[in-house]
Amino acid sequence: MNTFYGILIPFLGTTLGAACVFFLKKALSESLQRALTGFAAGVMVAASVWSLLIPAIEQASGMGRLSFAPAVIGFWCGILFLLLLDHVIPHLHRNCEQTEGPKTHLQRSTMLLLAVTLHNIPEGMAVGVMYAGYLSGNVQITAAGALALSLGIAIQNFPEGAIISMPLRAEGMSKSKAFLCGTLSGIVEPIGALLTILAAQHIIAFLPYFLSFAAGAMLYVVVEELIPEMSQGRHSNLGTLFFAIGFTMMMALDVGLG
């Protein structure tokens, strides 16, 4: 039951963020969106290192000098997986006019929703693989460590939910529909977490590959999407500052609870 609640925590963060559309009258300012995006990027980078890559290397310590190999292989599989999704799923990044992926006649709001859903996939996988390791009895992955990752992703999902719902409201969409779109952008996380748990439990020996796969996928999103968004326009150092805040918060959370 604790695992069930754990994989729902990130989705709750997205839902609460999307609910801002009912309480805030104006769209989020560019500076605030840049700061929140930088914060999310910092959380994801720290989670990739402390929650995923380091445990992957530690679990492969029996390979001696080649203990890095599963982390490298899984990491690149994660990168290539997101690269593939980037090319086969039509989507539109925030503050961009040019769509990515195959040509489509989908509405702008749908394309924005798909973009966020796309980068939520590795976050759900990351939570799922951590809980899979805990459920398998792996002594290097604790319930507190898995919870730390869930909480960290939930915290960075809060602004993401608002970043989706608020602009949609500003474009004329009703509050309830904008809230629903913001919420649906995060539904892929518990689904991805559950599917990852089911898959990983059958091939526990490959857990280091799963951990590093999730790390590679998350870092692809950070470099390809979040860093460019937080660096656009004037005062890009604001995004950098909040990146550092998100990074140190997630690092402290992971080390303190893990």
Seminar exercise, completed: Residue-ordered couplings for the stretch 170-185, obtained by feeding phi - 60° into the Karplus form 6.51 cos²θ - 1.76 cosθ + 1.60 and rounding to whole Hz (Gly and Pro as x), are 5, 7, x, 6, 5, 4, 5, 6, 5, 4, 4, 5, x, 5, 5, 5
Seminar exercise, completed: Hull volume per residue for the stretch 1-94, using the convex hull of the C-alpha atoms, in Å³ is 156 Å³
Problem set entry | Chain lengthening between residue 49 and residue 245 when straightened (0.36 nm per residue, less Cα-Cα) | 69.0 nm
For this session: Give the relative contact order (percent, whole number) for the stretch 125-250; include only Cα pairs under 8 Å separated by 6+ residues.
Result: 34 percent
Problem set entry | Hydrodynamic radius of the stretch 1-46 per Kirkwood, over alpha carbon pairs, in Å | 12.6 Å
For this session: Take every Cα-Cα pair in the stretch 192-258 and report what % of them are more than 15 Å apart.
Result: 69 percent
Exercise. Cα centroid distance between the stretch 37-69 and the stretch 185-209, in Å?
Worked result: 17 Å
Exercise. Accessible area of residue 226, 1.4 Å probe, to the nearest 10 Å²?
Worked result: 10 Å²
Exercise. Where the eigenvalues come from the Cα gyration tensor of the stretch 50-89, what are the semi-axes √(5λ) of the equivalent ellipsoid, largest first, in whole Å?
Worked result: 26, 10, 5
Problem set entry | Kirkwood-type radius of the stretch 122-214, with distances r between different C-alpha atoms, in Å | 14.3 Å
Exercise. What would the Debye formula give as log10 I(q)/I(0) at q = 0.09 Å⁻¹ for the alpha-carbon point model of the chain, no solvent?
Worked result: -0.37
Seminar exercise, completed: Relative to the chain, whose Cα atoms define the longest principal axis, helix 2-18 and its Cα axis are tilted in degrees, nearest 10, by 20 degrees
For this session: Using a 1.4 angstrom probe on the protein heavy atoms only, line up 189, 224 by accessible area, largest first.
Result: 224, 189
Exercise. Roughly how many Å² of residue 80 are accessible to a 1.4 Å probe, to the nearest 10?
Worked result: 100 Å²
Problem set entry | Heavy-atom accessible area order for 61, 185, 67, 236, largest first, 1.4 Å probe | 61, 236, 67, 185
Exercise. Can you give the accessible area of residue 177 in Å² (nearest 10), computed on protein heavy atoms with a 1.4 Å probe?
Worked result: 110 Å²
For this session: Report the FRET efficiency, 1/(1 + (r/R0)^6), for residue 2 and residue 177, where r is their Cβ-Cβ distance and R0 is 41 Å, rounded to 0.05.
Result: 0.75
For this session: Can you sort 209, 131 by 1.4 Å-probe accessible area, starting with the largest?
Result: 209, 131
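The values are calculated or read from the model by the stated rules, or taken from the named source; none is laboratory data. Here the structure is a predicted model, which is why all the values come from computation and not from measurement. In this analysis, Cβ positions are derived from the backbone assuming ideal geometry, glycine residues included, and neighbour counts consider all displayed protein chains. Heavy atoms of the whole protein, side chains included, go into the accessibility calculation; ligands, DNA and RNA do not. Shrake-Rupley method; radii C 1.70, N 1.55, O 1.52, S 1.80 Å.
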